[in-house]
Amino acid sequence: MLRLAGGTHFIVLRSDGVDRRIFSYKRFDDAISGLEGRSRLSPIFPIDNAPPPAFSSDSKSHLIFIGSIYPGDILLQTGPNIYLSLGSLNLVLFCTTEEQVDEALAFAEKSNAAWEMWSISAGKILDVQFHTPTPPQKAPPEITKQFSRTHTVFLPTIRELEALLISTYASSYAAGTPQDESLSAFSSTLRSSMDDPSLTALEQLQLLTLSNVSLSRHVWQTYSGTSPIIEHPCHFSTHSLLGVGTASRGLENIVRFSEQVYTASRLVDRIQHLRHVAPHSKPLYSISSMDSYWQRDFLHDVTPPLEDVVELPAKHLPQISYFSGRDGFRSTNVSITAPSETIAACSSSSWTLQTVTHELSHTQVRAILGLLLYPPHQVIDTTHILSVMEKPSLAKTLFEQVQVFLVHALWNLNSKATSEFLTPKDLDATILQNAEEANETITHIFDFMYHYNSDEERYVRSLWTTWATIPHIEDRIPSYVARTLCAIHTNNLRRQNSYVVTIDSLIAMLTSIKEEFKNSPYVEAALEHLAGSREWLLIALKSRSLLIRFARHILFSPRISAEILRAGSGIEEFKPEVFAEPKMRNPLLFLNNCPLDKAPNAIRSVWIWHYLAYGVQLK
Amino acid sequence: MPSQFELLCAIRFDRLTGLRPYGHFDHDATCMTGPKHVHSDALLGGNSQDLCPVEHSHAMPFEEAFEDPWTGEISYRPRSGSNG
């Protein structure tokens, strides 16, 4: 079993335009003190207390980079110094004998991995050799085909994307990690979506721009540090030599796993299929949470096996993942981002990757809300919805009843009246006014139920410790408190005095978090808000009660949730900083079970990234 | 991995919450940005009136493309008026 032990070392490449020299340091401050214009720097992480590589020795040595390797698979008998890097060439070996070199290259070949070898004497790089296991391929037509030239102002954006798709394809081959499937799917689905007549010009431009931003960042983050390393610098200063390809792949694996799970669950298809299901005798919003109707798994029990009635969707858009210092955790229709701080600090409560599930939830929730509130080729027919609200027997399908449930919940968000005369125009305005709040509230609830297994303490801790890293969100404290209350209230829907129970339990949890994280500014503010605005929060929670019930009863499927949680194995056998078999199948479960540090821990974070990047066996 | 159907649903939902174009003129305490199109359009010899770097960009009037029948190259139609 390999163990990360021995801290962090730093290697710095310096060039005077003719010669290149490599240096190693034990301390970061020493490594950056002599940085020059052409210098490049990266951390390396020793296995079993390997000392910093002795590059300055007069005798010839070799620095060998191999990737991509799951550290648990490393089997070397000749005793080179072993390190891990966060780059795509994630295994770094310092060899001082020919036997070590021969064994290292044989291991790379046996692993079908890319490798690069620097021959060094007295710190000077004498020679560079590299090998990539995948020869270059011509990109397929799904990637090279021209996009439709529909609008003049799109041209620079389209050209950028066309070039980017081809260069991404080529880069993936050059790195030895071809991305045919996901890149072809992305390109093909994007093109056909762009050609959909229901999209406006601005929506087309937005898709193009988002794709460019996401792909360009994904490419330099994934393929910087690939061979030849000297020609592929990384834009992160602290990783400019070897890049962050391992972290980039780890993040991508989280997204791909989630996509597999939700593609199989077909939540949106199930809701769409309710168009063919007869309505209930009563409006769904009027059925109490105590009623046995909600005891069952709504989406599973009211829809037949979808394979029997609906074809699997032909086209999917794999979302592009990347790190962003500015965007932090964020999702768009084509991308998922995580803060760049997670690269070195994802083991900590403040920068935990668990927060990615909130962004993954947004992808599901936006599609569901779009389906219900903005059906294809038309705005929701609020005249009909209103007539069903007034006369429930007019509902023709269960789908319409689900729509009415949601619209009623939106109206409840800011109406103090128990009944109110509404026109279709009023209802349109209500939907527009409350769509964003509904999106955020339902996303919180969805994330809590599906990804935290409705574990209140873990959820509240995760939310409020990660929010502590976002500057100037004091004005959002009331809505963040309200959304947190909505999520945990799903556990109390069948309790007496449920609103008070929910508020009191949040106060208790935040009080405990405040003790543990004494410097967390927003937890203190949230507790003050909970104490000083209790009546306001009771009203806020009650006004959201229909939305909470909608999310809990309609969108939550215990069976799908169980499948998400079941999809892993052997998770209890993982020991932090140690790489061993078995590999995992469920990165979300792995993140759930990872112990979190109070302060950032680079070594623990490197361990997490390596498991996520190379220890995941996706289907 | 949203299906194309789910993607289009999500895009329609964005109409309700407001479109948020990405990468336009923006500034904060430490930096100012402009869209990449300004730069690349200029490099490609386009007429960048639609993308002139003003602080407050406005909705862009999209015109149909003009395609050179000989080369297949897309170019801009001349526009009347100014963007100033």
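The values are calculated or read from the model by the stated rules, or taken from the named source; none is laboratory data. Bear in mind that the values here come from a model prediction, so they are computed numbers and not experimental data. Backbone-built Cβ (ideal geometry, glycine too); neighbour counts: all protein chains shown. Heavy atoms of the whole protein, side chains included, go into the accessibility calculation; ligands, DNA and RNA do not. Shrake-Rupley method; radii C 1.70, N 1.55, O 1.52, S 1.80 Å.
With open to solvent by 10 Å² or more (accessible area, probe 1.4 Å) and more than 16 Å from A:Ile125 (Cβ to Cβ) as the only criterion, which of A:Gly79, A:Gly87, A:Gly67 stands out? So that I can check it myself, show each step before the final result.
On the way: A:Gly87 fails: open to solvent by 10 Å² or more (accessible area, probe 1.4 Å); A:Gly67 fails: open to solvent by 10 Å² or more (accessible area, probe 1.4 Å).
Only one candidate passes the filter, namely A:Gly79.
Examine segment A:516-523 for a residue that is over 31 Å from the mean Cα position of the chain (by Cα) and open to solvent by 50 Å² or more (accessible area, probe 1.4 Å), and state whether such a residue exists. Working first, answer last.
Residues of segment A:516-523 that are over 31 Å from the mean Cα position of the chain (by Cα), as a first pass: none.
No, segment A:516-523 has no match at all.
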**Request:** Could you please find all residues in segment A:505-557 being in contact with a Lys or Arg (Cβ under 9 Å, 6 or more places away or on another chain) and polar (S, T, N, Q)?
**Result:** A:Ser512, A:Ser520, A:Ser543, A:Ser557
**Request:** Scan segment A:214-237 and give yes if some residue there is farther than 22 Å from A:Ala175 by Cα and touching a helix residue (DSSP H, G or I) at 6+ places or on another chain (Cβ under 7 Å), otherwise no.
**Result:** no
**Request:** Determine which single condition A:Arg3 fails, assuming it passes every other condition in (1) at pLDDT 95 or above; (2) in a strand (DSSP E or B).
**Result:** (1)
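Please return the ranges of helices (runs of 4 or more DSSP H) entirely within segment A:200-305 where 2 or more residues are within 12 Å of chain B (Cβ to nearest Cβ), open to solvent by less than 50 Å² (accessible area, probe 1.4 Å) and in contact (Cβ under 8 Å) with a residue 12 or more places away in the chain. Talk me through it step by step, then tell me what you get.
Working: elements: A:201-223, A:245-265, A:267-273, A:298-302.
Once the helices (runs of 4 or more DSSP H) in segment A:200-305 are filtered for at least 2 residues that are within 12 Å of chain B (Cβ to nearest Cβ), open to solvent by less than 50 Å² (accessible area, probe 1.4 Å) and in contact (Cβ under 8 Å) with a residue 12 or more places away in the chain, what remains is A:201-223, A:245-265, A:267-273.
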**Asked** Taking A:Ser498 and the conditions (1) surrounded by 15 or more Cβ atoms within 10 Å (Cβ to Cβ); (2) in contact with a Ser or Thr (Cβ under 6 Å, 6 or more places away or on another chain); (3) over 23 Å from A:Ser258 (Cα atoms), which numbered condition does it fall short on, given that it satisfies the others?
**Response** (2)
**Request:** Out of A:Val578, A:Val606, report the one residue that is outside the structural domain of A:Arg296 (by TED's automatic domain parsing) and farther than 21 Å from A:Thr342 by Cβ.
**Result:** A:Val578
**Request:** Write out, first by first residue and then by second, each pair whose Cβ atoms fall under 8 Å of each other, whose residues are 6+ apart or on separate chains, and whose first residue, in segment A:537-554, is not assigned by TED's automatic domain parsing to the domain that holds A:Arg494 while the second is open to solvent by 10 Å² or more (accessible area, probe 1.4 Å) and not aromatic (Phe, Trp, Tyr).
**Result:** none
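Mind checking which residues of segment A:1-18 are open to solvent by less than 50 Å² (accessible area, probe 1.4 Å) and of a type outside the set (Lys, Arg)?
A:Leu2, A:Leu4, A:Ala5, A:Gly6, A:Gly7, A:Thr8, A:His9, A:Phe10, A:Ile11, A:Val12, A:Leu13, A:Ser15
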**Asked** Any residue at all in segment A:409-423 that is within 31 Å of the chain's Cα centre (by Cα) and not in a helix (DSSP H, G or I)?
**Response** no
**Message:** What's the total number of residues in segment A:94-151 that are closer than 28 Å to A:Ser167 by Cα and in a helix (DSSP H, G or I)?
**Reply:** 6
**Prompt:** For segment A:180-194, does any single residue satisfy the condition of being more than 14 Å from chain B (Cβ to nearest Cβ) and either assigned to a helix (DSSP H, G or I) or modelled with pLDDT of 95 or more (or both)?
**Reply:** yes
**Message:** Restricting to segment A:604-619, name every residue that is surrounded by fewer than 19 Cβ atoms within 10 Å (Cβ to Cβ) and closer than 18 Å to A:Ile69 by Cβ.
**Reply:** A:Gln617, A:Leu618
**Filtered residues of segment A:131-162 (kept if within 7 Å of another protein chain (Cβ to nearest Cβ) and not charged (D, E, K, R))** = A:Thr150, A:His151, A:Thr152, A:Val153, A:Leu155, A:Pro156, A:Thr157
